[in-house]
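What follows is one structure encoded as structure tokens, with my remarks underneath.
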Amino acid sequence: MIRKHATTPFEGQKPGTSGLRKKVRVFQQENYVENFIQSVFDVVERQAGATLVVGGDGRFHNRVVIQQAIRMAAANGYGRVLVGRGGILSTPAASHVIRKYGASGGLILSASHNPGGPEEDFGIKYNIANGGPAPEKVTDAIHARTLAIDHWLDVDAPDIDLEALGTVSVGGMTVEVIDPVADYAELMEQLFDFPAIRKAAADGLTMAFDAMSAVTGPYAVEILEHRLGFRQGTVRNAIPLEDFGGHHPDPNLVHARDLYDLMMDPAKAPDFGAASDGDGDRNLIIGKGRFITPSDSLAMLAANAHLAPGYADGLKGIARSMPTSAAADRVAEALGIPAYETPTGWKFFGNLLDAGMATICGEESAGTGSDHVREKDGLWAVLLWLNILAATGKSVDTLAREHWARFGRNYYARHDYEAVDSGKANALMAELEASLASLPGRAFGGLTVEAADSFAYCDPVDASVSENQGIRVMFEGGSRVVFRLSGTGTEGATLRVYLERYEPAGGNLDAPTPAMLADIIAAAEEIAGIKRHTGRSAPDVVT
Ligand code: VG1
Ligand code: CO
């Protein structure tokens, strides 16, 4: 019944910021998916007969890989697979299902915000028993295994019907096709004041949610329209499509432009606008006439979280990734709780959440979440915002202004230079690193460098160290520029330049961001020589 297939290793099966992410045609090579999944099964912690959760964001190639993963799980000693109907599970829902049903882990098939389709991207991520992305020691072990693999196992069984809820047997292993939305929606009802939000909606609070033809559509329709009573049509692009309708399911001001334009139109804008990404773990928040940067959203959610029932007892700590603005740190200080600064990627929050040291976490890339799961969670952020709007009766714009008046404002932008030649991008980073010691004390325009380093993180729970997590240049007065190479791109290198300027309370709190960042942008160019190295005189994406 169990079949053994000989294979040889592929190079480059090294999980990045968020799993293994490549072009679909790379994944379509014979043995490619099997080598990776077998390597996962070979190294991860699990008992005989363990449960595995499998689901994805519905993109092209999702179903093929799910069927194969089920046959391989049966051959590798799993006792049960839980799979979302249609192969659908958002990343946060998968995290919850792993935790709720005591699974040993899960395979999440997604390339998140990257485009989908036969010529676009695919990805496989392994999450561990706490529901979170595998930490580096596990991804390193998986990678090492991919370099030595010589066979993979499956059972000889036909594809299962992914549309039919219920239980079937595959090679003696139980496969349960579950409703991908139900468990997640129930968890949200426990955390947030649904009656208050429902009342606000009934009293006239309006919203628009762009699911970007990706996985959150079914979740958002069920929760926002069916359970909370927002009018039908509140969720746009609600049906998950294999190619996301040809768009990038990346909820930023470039790819969610339609939503942005709607929210800036005083005649048509609803009170609240939001969008989510391919796999449902990111969020974009825009109030009527007011865009909220993800870094600000983290700070504002943390400052008001106690208004939601799930956080009424307060927060234990706030964690943010290093490139995320320091706005949340000021909230932590005011609340008298610790603030943590971690490398980019949700896996670095796992230990803090498990240890009860942090309750809310966030990243500048529009990821926010809490200890309710071990992933960032797009709809969670939307619902917490709605809970705060319902509890205060204030607009997004008013909440933002009040927040800045109290804490000051961290003007923020990220400039991405995409598909840069990898050699050139590496040369830029190497030169920058070599210049770090000479930067402190130097002035760039009106800005004087206070400190500069290559960010390294020592996990306070297990003392593991992660080095080379981005170059930080701190200026006097709390402004900053950070340089980092992306770990999720699939073409060449992506250089990310994160720009931040702090304006204290009482200062200029309602100025256009580009004007406030102009000096820092000029300093970043002078410090890193972006044009000289890459030939680019402007970023491809500004968020
Ligand atoms: C990007 C973001 C990072 C995020 C990661 C995964 O990584 O910057 O904050 O955690 O994507 O998000 P990078 O290495 O390209 O900068 V997702 O929505 O893929 O799960
Ligand atoms: Co994502």
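The values are calculated or read from the model by the stated rules, or taken from the named source; none is laboratory data. This one's a predicted model, so the numbers in the text were calculated from it and none came from an experiment. FYI the Cβ positions are ideal-geometry reconstructions off the backbone, even for glycines, and counts take in every protein chain you see. We work out accessible area using only protein heavy atoms, side chains counted, and drop any ligands, DNA or RNA first. Shrake-Rupley method; radii C 1.70, N 1.55, O 1.52, S 1.80 Å.
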Exercise. If ILE388 satisfies every condition in (1) out of contact with any Ser or Thr (no Cβ under 9 Å at 6 or more places or on another chain); (2) assigned to a helix (DSSP H, G or I); (3) open to solvent by 50 Å² or more (accessible area, probe 1.4 Å); (4) not acidic (Asp, Glu) but one, which is the exception?
Worked result: (3)
Exercise. In the set ASP250, ASP243, which member is open to solvent by 10 Å² or more (accessible area, probe 1.4 Å), within 15 Å of ligand 2 (Cβ to nearest atom) and out of contact with any helix residue (DSSP H, G or I) (no Cβ under 7 Å at 6 or more places or on another chain)?
Worked result: ASP250
Exercise. Counting only residues that are open to solvent by less than 20 Å² (accessible area, probe 1.4 Å) and either closer than 16 Å to THR216 by Cα or modelled with pLDDT under 95 (or both), how many does the range 45-87 have?
Worked result: 9
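Identify, please: which residue in the range 88-113 is among the polar types (S, T, N, Q) and surrounded by 24 or more Cβ atoms within 10 Å (Cβ to Cβ) and is, among those, nearest to ligand 2 (Cβ to nearest atom)? It would help to see each step written out before you state the result.
Step one: of the range 88-113, the residues among the polar types (S, T, N, Q) are 90-91, 95, 104, 110, 112.
Those still in the list that are surrounded by 24 or more Cβ atoms within 10 Å (Cβ to Cβ) too: 90-91, 95, 110, 112.
Numbers: SER90: 9, THR91: 6, SER95: 12, SER110: 7, SER112: 3 Å.
Going through the qualifying residues, I end up with SER112.
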For this session: Could you check, for the range 139-150, whether at least one of its residues is hydroxyl-bearing (Ser, Thr, Tyr) and surrounded by 17 or more Cβ atoms within 10 Å (Cβ to Cβ)?
Result: yes
Exercise. Do you know which residues across the range 340-373 are of a type in the set (S, T, N, Q), farther than 14 Å from THR17 by Cα and over 10 Å from the mean Cα position of the chain (by Cα)?
Worked result: ASN351, THR359, SER370
For this session: Please verify whether the range 430-448 includes one or more residues that are touching a His at 6+ places or on another chain (Cβ under 7 Å) and either under 20 Å from TYR498 (Cα atoms) or not assigned by TED's automatic domain parsing to the domain that holds GLY487 (or both).
Result: no
Problem set entry | strands (runs of 3 or more DSSP E) lying entirely in the range 406-506 (those with 3 or more residues that are surrounded by 20 or more Cβ atoms within 10 Å (Cβ to Cβ) and among the aromatic types (Phe, Trp, Tyr)) | 409-420
For this session: Hand me the list of strands (runs of 3 or more DSSP E) wholly inside the range 328-383 holding 3 or more residues that are buried (at least 24 other Cβ atoms within 10 Å of the Cβ).
Result: 360-363, 367-370
Problem set entry | Every residue from the range 359-405 that is within 16 Å of ligand 1 (Cβ to nearest atom) and of a type in the set (Phe, Trp, Tyr) | TRP380
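Given the criteria basic (Lys, Arg), modelled with pLDDT of 95 or more and farther than 26 Å from PRO218 by Cβ, does ARG145 qualify? Outline the logic, then answer.
Values: basic (Lys, Arg): yes; modelled with pLDDT of 95 or more: yes; farther than 26 Å from PRO218 by Cβ: yes.
For ARG145, the condition - basic (Lys, Arg), modelled with pLDDT of 95 or more and farther than 26 Å from PRO218 by Cβ - is met.
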Seminar exercise, completed: Scanning the range 352-389 residue by residue, those more than 14 Å from ligand 2 (Cβ to nearest atom) and closer than 16 Å to ALA332 by Cβ turn out to be LEU352, LEU353, GLY356, MET357, ALA358, THR359, ILE360, CYS361, SER370, ASP371
Exercise. Which residues, taken from the range 307-327, are open to solvent by less than 20 Å² (accessible area, probe 1.4 Å) and more than 21 Å from TYR412 (Cα to Cα)?
Worked result: ALA308, TYR311, GLY317
For this session: Starting from the range 261-279, take each residue that is under 14 Å from LEU389 (Cα atoms) and list its partners that are within 16 Å of ligand 1 (Cβ to nearest atom) and not polar (S, T, N, Q), counting only C-beta distances under 6 angstrom and pairs at least six apart or across chains.
Result: ALA274/ILE285; ALA274/VAL382
For this session: Scan the range 60-99 residue by residue and report those that are within 16 Å of ligand 1 (Cβ to nearest atom), part of a loop (DSSP other than H, G, I, E, B) and out of contact with any Ser or Thr (no Cβ under 7 Å at 6 or more places or on another chain).
Result: LEU89
For this session: State yes or no: is GLY470 touching a Lys or Arg at 6+ places or on another chain (Cβ under 8 Å) and on the phi > 0 side of the Ramachandran plot?
Result: yes
Problem set entry | Conditions (1) open to solvent by less than 10 Å² (accessible area, probe 1.4 Å); (2) not in a loop (DSSP other than H, G, I, E, B); number of the one not met by LYS199 | (1)
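Being assigned by TED's automatic domain parsing to the domain that holds MET516 and surrounded by 17 or more Cβ atoms within 10 Å (Cβ to Cβ): is that true of LEU399 here?
Details: assigned by TED's automatic domain parsing to the domain that holds MET516: no; surrounded by 17 or more Cβ atoms within 10 Å (Cβ to Cβ): yes.
No; evaluated as a whole, the condition is false for this residue.
May I ask you to list the residues in the range 54-87 that are among the small types (Gly, Ala, Ser) and either more than 22 Å from ASP243 (Cα to Cα) or out of contact with any strand residue (DSSP E or B) (no Cβ under 8 Å at 6 or more places or on another chain) (or both)?
Initially, the range 54-87 is screened for residues among the small types (Gly, Ala, Ser), giving 55-56, 58, 69, 73-75, 77, 79, 84, 86-87.
Listed by number, the residues that qualify are ALA73, ALA74, ALA75, GLY77, GLY79, GLY86.
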Exercise. Hey, does the range 275-287 have a residue that's within 16 Å of ligand 2 (Cβ to nearest atom), of a type in the set (Lys, Arg) and open to solvent by less than 40 Å² (accessible area, probe 1.4 Å)?
Worked result: yes
